[in-house]
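Data block below; observations after.
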Amino acid sequence: MNTIKLIEYCENKYNVVIQTARDYSEPGYNKEGDMILLSNWNNIPDKIINILEKFNDIEWDDEWMTCQKCGKLIRCTGNNYGWKAYYNIFDDCEVICGDCILESPENYIETLVNNHNAGNVFNSLDLENYGYKNVNGIFESGLHQGMNDNPEEILMVYQEKLPDYDFIFNNITPSQFHVSYELYGKQR
């Protein structure tokens with residue numbers, strides 16, 4: 001079966017764009033077919049999709065992005081309550097996957113320092129290896145009573161308490177009705 005010819009046929013006949021990718025970066029996904037094909041599959045007949053799916057992995061193009069460094073796929077929409085983005089967007093436009101970030105995480109860490117709008121989402125990135133330590137247990141924000149910790153307020157309080165420290169929110173743990181996180185600090 002010539003996948004490329006079938007892709008060209010679909011693009012011309014059904015006025016769609018079918019993108020290809022060589023592999024996944026997203027944890028829990030392993031490429032099983034020859035290629036990964038991404039598209040809006042709504043206008044392509046099931047019969048053709050079934051043929052493509054025999055030899056390739058099929059994904060929806062609005063659920064995935066491509067790492068601009070390695071070209072691997074990363075999910076951009078959650079598929080469960082505990083899902084965390086396995087990427088970061090640098091300079092408002094450069095999407096880099098977790099695999100590439102973890103090879104050399106210094107730039108990523110810089111984006112997190114003293115930033116109440118961001119936190120380390122990579123479990124395998126141990127901030128203690130970069131001199132950071134947990135400064136105060138677990139915080140929670142959510143829908144239940146008492147889960148009202150506010151990262152902006154937390155950061156302000158700790159910056160007043162420890163003015164010669166830099167802080168990073170770490171161990172972000174999402175769930176259906178709340179998110180928990182920790183505050184790590186390092187003396188400058």
* For the range 73-84, 3J(HN,Hα) per residue [Karplus equation, 6.51 cos²θ - 1.76 cosθ + 1.60, θ = phi - 60°, Hz, x = Gly/Pro] -> 8, 9, 5, 10, 10, x, 10, 6, 5, x, 5, 10
* List nothing, just return the count: lysine pairs in the chain, 8 or more apart or interchain, with Cα separation under 14 Å. => 5
* Asked: Hey, got a sec? Which GluC sites (Glu not before Pro) in the range 21-128 land in a DSSP loop and have at most 11 other Cβ atoms within 10 Å?
  -> GLU32
* Structure fact -> Quotient of Cα radius of gyration and Kirkwood radius for the range 45-116, i.e. Rg/Rh, equals 1.10
* To do: Using θ = phi - 60° and the Karplus relation 6.51 cos²θ - 1.76 cosθ + 1.60, list the HN-Hα couplings for the range 50-62 in order, rounded to whole Hz, with x at every Gly or Pro.
  => 4, 5, 4, 6, 5, 10, 9, 8, 10, 9, 7, 5, 8
* Asked: Each residue of the range 2-14 in turn: what ³J(HN,Hα) in whole Hz from Karplus with 6.51, -1.76, 1.60 and θ = phi - 60°, glycine and Pro shown as x?
  -> 9, 4, 4, 5, 5, 4, 4, 4, 4, 4, 6, 6, 10
* Hey, with R₀ at 25 Å, roughly what FRET efficiency would GLU94 and ASP126 work out to, going by the Cβ-Cβ distance, to 0.05? -> 0.55
* Structure fact -> Computed, not fitted: 222 nm per-residue ellipticity of the chain from DSSP H runs ≥ 4 (each -39500 (n - 2.57)), nearest 500, equal to -7000 deg cm²/dmol
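Rule-based calculations on the coordinates, nothing more; no lab input. Quick caveat: nothing in here was measured; it's all calculated off a predicted structure. Reconstructed Cβ throughout: ideal geometry from the backbone, glycine too, with neighbour counts over all protein chains shown.
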